[in-house]
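Here is the structure we will look at.
The values are calculated or read from the model by the stated rules, or taken from the named source; none is laboratory data. Quick caveat, the model's predicted, so the values are computed rather than measured. Ideal geometry is used to build each Cβ from the backbone, glycine not excepted, and the neighbour counts take in all protein chains shown.
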Amino acid sequence: MIGRRRDRDHGARARELEARERHALEIHDNLVQGLTAIHWALEAGAYDQAREATRTTLAQAQAIIGDLLGDDPAANAFAPGSLRRDAPAAHKP
């Protein structure tokens, strides 16, 4: 019985790690690369391209957050203002 519980716990942990890796890859592929595209477009003076990359990257960020929060009715609804912090986010230069 203890062996089954240990196997179940190990399986749950492995699934959690796989999900975290998928999320990290999705954030990198969409957000980090989008921010990099925005940076280089601004550096090149391609402001229209930077604006479009900003719109796309913001939409991708919203989709990722929505996916992470899910559609669980017991969870707080994901709506404007629903993800407010108690303190401002720390931004490092």
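Brief remarks follow.
Residues checked against (1) surrounded by 12 or more Cβ atoms within 10 Å (Cβ to Cβ); (2) at pLDDT 85 or above:
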site	(1), (2)
33	yes, yes
47	no, yes
74	no, no
84	no, no
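So that you can scan it fast, the table gives a plain yes or no per residue for (1) assigned to a helix (DSSP H, G or I); (2) modelled with pLDDT of 90 or more; (3) surrounded by fewer than 10 Cβ atoms within 10 Å (Cβ to Cβ):
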position	(1), (2), (3)
4	yes, no, yes
16	yes, no, no
20	yes, no, no
24	yes, no, no
42	yes, yes, no
63	yes, no, no
81	no, no, yes
87	no, no, yes
